[in-house]
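Inspection log for the structure reproduced underneath, given as structure tokens.
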Amino acid sequence: MGVMSELWKGLRVTGRIGLRSLVGRGIVTTEYPKEFRTKPQRFHGRHVLNRYPDGMEKCIGCELCAGACPAQCIYVRGADNAPDDPNSPGERFGYVYEINMLRCIFCALCVEACPTEAITMTHLFEMSVTSREEAIYTKEELLMRPDGTVPHPRPDDPYADLSELEVADGWVRATAPSGSAAYEGVKMWQDTAGPASWDPEPDQETRDA
Amino acid sequence: MSDHVTVTIDGRKLEVPAGELLIEAAQEHGTYIPRFCWHPRMKPVGMCRMCLVELETPRGPAIVTACTTPVSDGMVVHTRNETVQRMQEGVLEFLLINHPLDCPVCDRGGECPLQDHVMAYGPGESRFVEEKRHFEKPIPISELVLLDRERCILCARCTRFSEEISGDPLIEFTDRGNGVHIATFPDLPFSSYFSGNTVQICPVGALTATAYRFRARPWDLEAVESTCMHCTAGDRINLQASHNEVVRILGVDVEPTNQGWLSDRCRFGFQYVGSPDRLTVPLIRDAEQGHTEVTWSEALDLAATRIGEVLAGSGGQSVAVLGGARLTNEDAYALSKFARVVLGTNHVDAQMDDGLDPQFLAATVDRALISDLDSAKAILVWGPDLKEEHPTLYLRVRRAAQELGAALVVVHPRRTGLDDRATHKLTYRPGEGADLLTELVAGSGRASQARQALAEGPVVGLVGRTGYGEDPRLAEAVAAFVRTLPDARILPLARRANIYGALDMGLAPTLLPGRVSVGGEGARSIAEAWGGLAEHPGLDTRGILEAAAAGDIEVLFLVGADPLRDVPDGALARRALERVPFVVAIDQFLTDSSRLADVVFCADGFAEKEGTVTNLEGRVQKVNRIVPGPGQTRPDWSILDDLARRLGVELGFGSAEAISKEIADVAPAYRGVTWDRLDWEERDGIVVPDGGEAPLRFVPADTPGTRAGGDLVLHLARVMYDDGVTVRHSPSLAGLAPGAAVHLHPDDAARLGLASAETARVVTEQGEATLPIRLDDTLHRGVVYVPFNQPGMPPLGPGPAVTVTPA
């Protein structure tokens, strides 16, 4: 008898959901791609490289993301910033930045490792490719455009949301172990000092004069 | 145990040698005391205050720096109690007041002693919120080194290195108090040959190397220990690569050879390995089209056909092999066997007419070890300028003279890097060395004081050829004199990479592997093992080139050799190469010489293959592979093996390691030298016994000098940076060559009417050139000094007769 009662219990659930769907309530599946479901805030989608509001790249090519990556899918090479036309504040910028999305396990350790909040994750998840080479996202594909949009294979993707990307790095700071919830939704953009733009200290004579 | 004292470190009673510094004693017994300024190879200064420890004294606890405090009996030390921890936190908090914390972009980030110490001993956070001091970010203080004064923690390691170790005090502290910073002198770059060492010992990223700047981070480096192949000292190096590209070389502190130091040529001369100019496919030359790329089989077939024709016709006598000093011992052995067995020739020479007698270099008895310099009472250097040609040996000799109290006698035609530490310095005109030697032997004339300095043993004599105008037999005569001194040992000096290994493998007309003489007693067993040997007397490089120029050589092998640039008489080399009907080159680059070759095989080079090398004291050490060769390159032994098979001979080489086993079987001096021992038990190398089958004991002291007729003699010698193939293809070093010039004594210049001239015409029997004049009052009168193989200089030939006229 036990078997029959258990079977009855299961069929009751199926029947209940079946009946509800007939009247259009309590459906858990959606008809993707006709319909999108809002992703949770901490969803780990594809990466993006952020910029400062003056257009400078945040990435300094320090390779900490590549060092932290457990899948070893990030390849970064640094180079010297040209003093008169810098790509990023300071001496160094990411000259090559590539992520192999086939290897990536979307763990976001790169985001945690980044000292400048240059790399963050988005809610974009549609990354179908037709070859292995295409799965390697280069800096051109990762780096946010100066207008804040992301180069993406699907430009009409409703999740390529400018306003969301603007606060993406604030979200990183809000959820970091040493961060504070107060940063949630806050733009973390700041004015930069520019590359090596410190004036040298005046020498002793000038200082004393 | 009078030479030992008992100290208590953190409650542990320890027996340590008396007089040792506390920091060393603690480290030997497993207690690491943090430090920045203290370096085991330099004198302590106590600058950084990081090594503060607490001593229990009769007057209560005392705080001292462990790096300046020698141990004494009954000392009680605390290295990690609460007071010391508070001190350490305080010191680190102070050090971080001005340190910029730009670790993510700093080349040191990830392997930085300051980072590590702050993590291990530092405070959680700093109380200082004030603006840090700012300087202009990295300023180049030389072509190779960048200085970031913001990051500097004022430990004085670099300044002490420059003053104590390398003897070029070109970097110093300036300003006072809060403003103290490191600087070079105005208009004087940090142009030391050893500047790279300061980058390695800098405990922060204040000094960084241009060659490594932003090339990699520590966590993406692969590293392997290897041996430098730039000079013959056999310096141990840590070879580091990132993504299959060699990016950095660090010195490894081993007692027998380099003690951690490297010359910049060794440290930054790795860039040629990844040069885009490397040969990646075999080439054959066509009369019309020049070199065209072909497959390996096409190139090997062509070479085998042409060589086969010559061997069937005029035989091995008309085939010659030049080069091999750039090879590992395994490849050199393969080349030696290939030449003797397959080609049937004894016309084999790894020296480019710029060295000494191969028997003298390989089979000298009483050969010194480099470490003998440390215990020597007197050192005679009669040979090349060590600073230019044997840089780490120079550091060792310098230390012996400066710190260890050895009397140093330097004999050279011009000033050398060691002059400021020399007890006696003698100059002479090239060609008149025999006269000076006679004076030195007799202890008469201007050499009398120098002779007295050499009277007390042990004596180490470093003998070699001071320049190419010199008779090579002079060095043997000097060695014979050194042998008469008390407790004397000799280091014969030759310059070219693995030349000692090449000679030990038989790449000389008179030698077979294991220092066996051609035609000698031991040759029979080698002939048995190899199944035949060439019988005819062999020619050396000069002989080969002369025979080739006369049309007697029909096939010439160039193995990593560029005779047009390396042989002092470049004009002869050109005549020879143009006359030889078929030239085969095995090389990494298209050099001036391999451009004239009919077939060019591309070979694996340094960092791309495993093997062993032998240094000037006979120490065999391992070189290791870290990157793959570019394109289709192959190791030399495998090229020769294939070529031999096409010529109908099986040499039976399976791998470099198999060859090393064959060497251990066949070459008497190399018995028992295996890769297993070198990789594990004997990481510092195995010194093969000195001497050989025909050990060189007696040499005539009455060497005739090749005296020049005129009143001027040419002194042609190498400097560290020249237009050699490895320097030319290493961008960091390529610009450092001093350039072609003729150096004259001001008196000579005035006499020749050149006192105010800019350039002069220099003519020798073998060549001529118009060169800028540099006045140099350290030259012996009547000596014309021209650095060898500088960019854009036509070959002048060895001289020594020379005329200098206004251009």
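Is there a residue in segment B:85-93 that is open to solvent by less than 20 Å² (accessible area, probe 1.4 Å), of a type outside the set (D, E, K, R), over 19 Å from residue B:11 (Cα atoms) and touching a residue at least 12 places away in the same chain (Cβ under 8 Å)? Show your work before the answer.
First, the residues of segment B:85-93 that are open to solvent by less than 20 Å² (accessible area, probe 1.4 Å): B:88, B:92-93.
Then keep just the ones that are of a type outside the set (D, E, K, R); that gives B:88, B:92.
Keeping just the survivors that are over 19 Å from residue B:11 (Cα atoms) gives B:88, B:92.
Checking which are touching a residue at least 12 places away in the same chain (Cβ under 8 Å) leaves us with B:88, B:92.
Yes; the residues of segment B:85-93 include at least one that is open to solvent by less than 20 Å² (accessible area, probe 1.4 Å), of a type outside the set (D, E, K, R), over 19 Å from residue B:11 (Cα atoms) and touching a residue at least 12 places away in the same chain (Cβ under 8 Å).
Of all residues in segment A:65-80, those being open to solvent by 40 Å² or more (accessible area, probe 1.4 Å) and more than 10 Å from chain B (Cβ to nearest Cβ) number 1.
Quick one: which residue in B:287, B:223 is under 30 Å from residue B:614 (Cβ atoms), of a type in the set (A, V, I, L, M) and open to solvent by 40 Å² or more (accessible area, probe 1.4 Å)?
Working: B:287 fails: under 30 Å from residue B:614 (Cβ atoms).
So the residue among B:287, B:223 that is under 30 Å from residue B:614 (Cβ atoms), of a type in the set (A, V, I, L, M) and open to solvent by 40 Å² or more (accessible area, probe 1.4 Å) is B:223.
If only residues of segment A:83-111 that are charged (D, E, K, R) and away from chain B (no Cβ under 14 Å) are counted, the one that is nearest to residue A:71 (Cα to Cα) is A:103. For segment B:65-79, a residue qualifies if it is in contact (Cβ under 8 Å) with a residue 24 or more places away in the chain and either in contact with a helix residue (DSSP H, G or I) (Cβ under 9 Å, 6 or more places away or on another chain) or open to solvent by less than 30 Å² (accessible area, probe 1.4 Å) (or both), and the qualifying residues are B:66, B:67, B:68, B:69, B:70, B:71, B:75, B:77, B:78, B:79.
Residue pairs whose Cβ atoms lie under 6 Å apart, sitting 6 or more positions apart in sequence or on different chains, and linking a residue in segment B:346-370 that is assigned to a strand (DSSP E or B) to a partner that is open to solvent by 20 Å² or more (accessible area, probe 1.4 Å), are B:349/B:540; B:364/B:696; B:367/B:690.
Just one residue in the set B:622, B:661, B:609 is farther than 25 Å from residue B:281 by Cα and under 22 Å from the mean Cα position of the chain (by Cα); that residue is B:622.
Listed here are the residues, each with its yes/no results for (1) among the small types (Gly, Ala, Ser); (2) more than 27 Å from residue B:786 (Cβ to Cβ); (3) not assigned by TED's automatic domain parsing to the domain that holds residue B:336.
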position: B:448; (1), (2), (3): yes, yes, yes
position: B:456; (1), (2), (3): no, yes, yes
position: B:462; (1), (2), (3): no, no, yes
position: B:469; (1), (2), (3): yes, no, yes
position: B:473; (1), (2), (3): no, no, yes
position: B:483; (1), (2), (3): no, yes, yes
position: B:502; (1), (2), (3): yes, yes, no
position: B:505; (1), (2), (3): no, yes, no
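Evaluate the following for residue B:183: is it open to solvent by 10 Å² or more (accessible area, probe 1.4 Å), among the small types (Gly, Ala, Ser) and away from every other protein chain (no Cβ under 14 Å)? In short, no. Residues of segment B:106-116 that are within 12 Å of another protein chain (Cβ to nearest Cβ) and open to solvent by less than 20 Å² (accessible area, probe 1.4 Å): B:106, B:107, B:109. Somewhere in segment B:97-110, is a residue within 40 Å of the chain's Cα centre (by Cα), charged (D, E, K, R) and in a helix (DSSP H, G or I)? No: segment B:97-110 contains no residue that is within 40 Å of the chain's Cα centre (by Cα), charged (D, E, K, R) and in a helix (DSSP H, G or I).
In the set A:134, A:117, A:91, only one residue is over 16 Å from the mean Cα position of the chain (by Cα), charged (D, E, K, R) and surrounded by 16 or more Cβ atoms within 10 Å (Cβ to Cβ); that residue is A:91. For the criterion of being part of a helix (DSSP H, G or I) and open to solvent by 50 Å² or more (accessible area, probe 1.4 Å), residue B:197 fails. Just so you know, in segment B:587-602 the residues that are within 24 Å of the chain's Cα centre (by Cα) and in contact (Cβ under 8 Å) with a residue 60 or more places away in the chain include one that is surrounded by the fewest Cβ atoms within 10 Å (Cβ to Cβ), and it is B:590. The residues in segment A:37-64 that are in a loop (DSSP other than H, G, I, E, B) and surrounded by 13 or more Cβ atoms within 10 Å (Cβ to Cβ) can be counted, and the count is 15. Of the residues making up segment B:350-387, those that are buried (at least 22 other Cβ atoms within 10 Å of the Cβ), of a type in the set (Val, Ile, Thr) and over 19 Å from the mean Cα position of the chain (by Cα) are B:364, B:379.
Whenever a residue of segment B:131-159 is outside any loop (DSSP other than H, G, I, E, B), its partners that are basic (Lys, Arg) and open to solvent by 10 Å² or more (accessible area, probe 1.4 Å), lying with C-beta atoms within less than 8 angstrom and at least six residues away or across chains, give the pairs B:139/B:149; B:146/B:213. Applying the set (1) more than 13 Å from chain A (Cβ to nearest Cβ); (2) open to solvent by less than 20 Å² (accessible area, probe 1.4 Å) to residue B:148 leaves exactly one unmet item: (1).
Just one of (1) modelled with pLDDT under 65; (2) away from chain B (no Cβ under 14 Å); (3) assigned to a loop (DSSP other than H, G, I, E, B) fails for residue A:165. It is (3).
Mind listing just one residue for me: the one in segment A:2-16 that is of a type outside the set (Val, Ile, Thr) and within 23 Å of residue A:26 (Cβ to Cβ) and, of those, most open to solvent (accessible area, probe 1.4 Å)? Break it down into steps so the answer makes sense when it comes.
Narrowing segment A:2-16 to residues of a type outside the set (Val, Ile, Thr): A:2, A:4-12, A:15-16.
Still in the list and also within 23 Å of residue A:26 (Cβ to Cβ): A:7-12, A:15-16.
On the way: A:7: 95, A:8: 155, A:9: 120, A:10: 38, A:11: 100, A:12: 136, A:15: 33, A:16: 119 Å².
Among them, the one singled out is A:8.
Hey, any hits in segment B:117-137 for a residue that's among the aromatic types (Phe, Trp, Tyr), within 12 Å of chain A (Cβ to nearest Cβ) and closer than 26 Å to residue A:62 by Cβ? Yes.
Before we move on, is residue B:216 among the aliphatic types (A, V, I, L, M) and either in the same structural domain as residue B:391 (by TED's automatic domain parsing) or out of contact with any Pro (no Cβ under 9 Å at 6 or more places or on another chain) (or both)? If you could, list the steps in order and put the result at the bottom.
Details: among the aliphatic types (A, V, I, L, M): yes; either in the same structural domain as residue B:391 (by TED's automatic domain parsing) or out of contact with any Pro (no Cβ under 9 Å at 6 or more places or on another chain) (or both): yes.
So residue B:216 passes the test.
Taking the listed residues B:555, B:559, the one that is in contact with a Phe, Trp or Tyr (Cβ under 6 Å, 6 or more places away or on another chain), open to solvent by less than 20 Å² (accessible area, probe 1.4 Å) and on the phi < 0 side of the Ramachandran plot is B:555, with no other qualifying. Whether any residue in segment B:8-23 is away from chain A (no Cβ under 14 Å), at pLDDT 95 or above, touching a Cys at 6+ places or on another chain (Cβ under 9 Å) and open to solvent by 20 Å² or more (accessible area, probe 1.4 Å) is what I want to check. Yes; the residues of segment B:8-23 include at least one that is away from chain A (no Cβ under 14 Å), at pLDDT 95 or above, touching a Cys at 6+ places or on another chain (Cβ under 9 Å) and open to solvent by 20 Å² or more (accessible area, probe 1.4 Å). Checking segment B:161-171 against the condition returns no match, with no residue being in contact (Cβ under 8 Å) with a residue 24 or more places away in the chain, charged (D, E, K, R) and surrounded by 20 or more Cβ atoms within 10 Å (Cβ to Cβ).
The values are calculated or read from the model by the stated rules, or taken from the named source; none is laboratory data. Values in this document were obtained by computation on a predicted structure and should not be read as measured data. Cβ atoms come from the backbone with ideal geometry, glycine included; neighbour counts cover every protein chain shown. Note: areas computed on protein heavy atoms with side chains; ligands, DNA, RNA excluded. Shrake-Rupley method; radii C 1.70, N 1.55, O 1.52, S 1.80 Å.
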